[in-house]
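Here is the structure we will look at, set down as structure tokens.
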Amino acid sequence: MIRNLMQKTVRHQAVEILTRVSQSDAFAGDLLDSCLEKQSLSRTADGRLLTHLVYGVLRMQGHLDWILARLYRGNYLKMEENIKNVLRTGLYQLQFSDRLPAFAVVDEAVKITRRVQPAARGLVNAVLRSYLRSPGPWSFPDENKNPAEYIAAFHSHPLWLVEEWLNVFGRMETEALCAANNELPPLTARANTLKSGRRELIEKLAGENFQAEETRLSPDGIRLSSSSLPIQKTLFFADGLLRLQDEASQLVAYLVNPRKGQKILDACAGSGGKTTHLAALMKNEGVIVALDRDAEKLVQLQNDAARMGITIVKTARVDLERPLSAQYQNAFDTVLVDAPCSGTGTLRRNPEIKWRLKPKDIHLYADLQQSILQNAGAAVSKNGFLVYCTCSLFSQENDRVVRRFLADFPQFQLLLPDSPVVQGLIDSRGLFRSYPHRHSMDGFFGAVFRRRI
């Protein structure tokens, strides 16, 4: 993945990962997992520091850039990305972390620059020492005169995204949402009830020095607040007793509300978090057909199903942007569409999304979602159910998709979800909504339809 990692300091590795994230479609979590695994850093202080730096810089990148642009005498926007990431990593440590003395942070940043781009050593040294001479407090845009610019800079979000949310949520809630997006998300797992009850699993975890508690809404969820080693490295995980999954994602299966013996289509199954949850709620009785266009994700789903003792899932590589073949038409009691989306409800876990996303992307996602929902709807049998969900906070991907679908396909009607588990997150229109700043879980949207004819 990254060459010569063993010869580089943790901070140098952080800079390299950040640069790969900013210059490609790679996700920080995947790059970190690969790096930690290759170097056996998962249970070490260096591994924790690397993770802390990468995610910390990504979350606070806008805040850091605001300061750096005022410290640098040239055009900061035109600065090369790898040098920006050296400066961001250094400034993040100076402003948000006290793990190294200030002089050591600057010295390390200059050493990294010597290997990355030697000609920029003086620039990096000058900018960071300028910060040390004037560490703040820094002047951000006036929060009363320019609330959008203030929230964007201080709470580290793109301006266009803040402006969108201000129109929907208002000032106070937009600021709360952006602040919540910069917090560390809870580590949440789902007990595999085919193998263990939640309370039983929490007791087993406690016996191995894991601090765990029940989630507030999901009957299967467990919050892990501290542990002696990564949960994926334990026998609990290897034996299929649990799966990592945010609480909001877990609630989608209760929105579907499956029954034993049903035939269910998971139209955009991905790696199978919701698929395997549906199977557990069905007591592993019935049939689940899991579709996705990504063959690697389907292999991961199959492996997870085997690990968790699930036998009712069948997979097929299918692109839902195209109409389904005859074998899927009118054939399922329930169809779940967990549609590809902007992911704006998951910025706590994937902060790089906010720096990649562009306004035009939202409309592209909405068109894609409309196409997928239309094609998946053809698989629903008469009196069957169709469940649509996203992890987006944009109405263009949520409410507007629902309205357009209902207008184009009058044989479907919007239903009030009947599972008591999700009732606290159902709005006046019968739509499911969760938010990081309100519920301490990922932001999800969901709608349930029934086919009448």
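The values are calculated or read from the model by the stated rules, or taken from the named source; none is laboratory data. As the structure is a prediction and not an experimental result, all values here were calculated from the model. Glycine gets a Cβ as well: all are built from the backbone with ideal geometry, and neighbour counts include every protein chain shown. For the accessible areas, the whole protein counts, side chains as well, though only heavy atoms, and no ligand, DNA or RNA atoms are used. Shrake-Rupley method; radii C 1.70, N 1.55, O 1.52, S 1.80 Å.
Overview of values
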item	result
Single unsatisfied condition, Ser97 versus (1) open to solvent by less than 30 Å² (accessible area, probe 1.4 Å); (2) modelled with pLDDT of 95 or more	(2)
Qualifying residue in region 308-321 (condition: open to solvent by 50 Å² or more (accessible area, probe 1.4 Å), in contact with a helix residue (DSSP H, G or I) (Cβ under 7 Å, 6 or more places away or on another chain) and modelled with pLDDT of 95 or more)	yes
Pick from region 191-212, criterion outside any loop (DSSP other than H, G, I, E, B) and without any contact (Cβ under 8 Å) to a residue 24 or more places away in the chain, ranking: surrounded by the fewest Cβ atoms within 10 Å (Cβ to Cβ)	Gly207
Scope region 101-140; condition under 35 Å from the mean Cα position of the chain (by Cα), assigned to a loop (DSSP other than H, G, I, E, B) and surrounded by fewer than 17 Cβ atoms within 10 Å (Cβ to Cβ); matching residues	Pro101, Gln117, Pro135, Gly136, Pro137, Trp138, Ser139
Selection within region 425-453 - of a type outside the set (A, V, I, L, M, F, W, C) and open to solvent by 70 Å² or more (accessible area, probe 1.4 Å)	Ser428, Arg429, Arg438, Arg450, Arg452
Region 57-70 residues that are within 15 Å of Asn181 (Cβ to Cβ), paired with ones that are charged (D, E, K, R) and surrounded by 20 or more Cβ atoms within 10 Å (Cβ to Cβ) (beta carbon under 6 Å, 6 or more apart)	Val57/Arg88; Leu58/Glu352
Flag for Ala179 being more than 30 Å from Arg400 (Cβ to Cβ) and small (Gly, Ala, Ser)	no
Breaking point among (1) surrounded by fewer than 17 Cβ atoms within 10 Å (Cβ to Cβ); (2) at pLDDT 95 or above; (3) among the hydrophobic types (A, V, I, L, M, F, W, C), for Phe154	(1)
Strands (runs of 3 or more DSSP E) fully within region 320-417 counting 3 or more residues that are in contact (Cβ under 8 Å) with a residue 40 or more places away in the chain and under 20 Å from Met441 (Cβ atoms)	380-390
Residues satisfying the stated conditions in region 213-234, i.e. modelled with pLDDT of 95 or more and either buried (at least 21 other Cβ atoms within 10 Å of the Cβ) or of a type in the set (A, V, I, L, M, F, W, C) (or both)	Thr215, Leu217, Ser218, Asp220, Gly221, Ile222
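This table checks each residue for (1) over 23 Å from the mean Cα position of the chain (by Cα); (2) open to solvent by less than 50 Å² (accessible area, probe 1.4 Å).
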| residue | (1), (2) |
| --- | --- |
| Asn330 | yes, no |
| Thr344 | no, yes |
| Lys354 | no, yes |
| His363 | no, no |
| Ala379 | yes, yes |
| Asn398 | no, yes |
| Val401 | no, yes |
| Gln413 | yes, no |
